[in-house]
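The values are calculated or read from the model by the stated rules, or taken from the named source; none is laboratory data. Owing to the predicted nature of the structure, the values given are computational and were not obtained by experimental measurement. Note: ideal-geometry Cβ built from the backbone for every residue, glycine included; neighbour counts use all protein chains shown.
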Amino acid sequence: MLDYNLAEGDAIDLSPVLEAVFRQGQQAADLVQIKADAGGQFATVQVDADGTANGSHFVVLAQLNAAHAGDVINVMLDHAQQAQQLHVT
């Protein structure tokens, strides 16, 4: 993703992948993590499609260019809810 901008209200819509498990009560942090790369150039959006079931198995879904540790990223997990704010770690 090249032009994500929190100030412009951008959000990453992950609801097609995560809505069912999110509605079952899984926490956002058990479903999505956003990790900065070691060089500080980008961050990866990682998802675990079944949350805490079957252990923790995050897979990279997208790369956010120019995202850094501490940045806030809006993520949609459920069309009926407002975006969750997650921090790049």
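Quick look at the numbers
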quantity	calculated
Checking Gln27 against (1) out of contact with any Leu (no Cβ under 6 Å at 6 or more places or on another chain); (2) at pLDDT 95 or above, the condition it does not meet	(2)
Residue that is surrounded by the most Cβ atoms within 10 Å (Cβ to Cβ) [pool: residues in segment 38-89 that are within 18 Å of Gly9 (Cα to Cα) and touching a helix residue (DSSP H, G or I) at 6+ places or on another chain (Cβ under 6 Å)]	Leu77
Residue, surrounded by the fewest Cβ atoms within 10 Å (Cβ to Cβ), within segment 1-20, restricted to residues that are of a type in the set (Gly, Ala, Ser) and in a loop (DSSP other than H, G, I, E, B)	Gly9
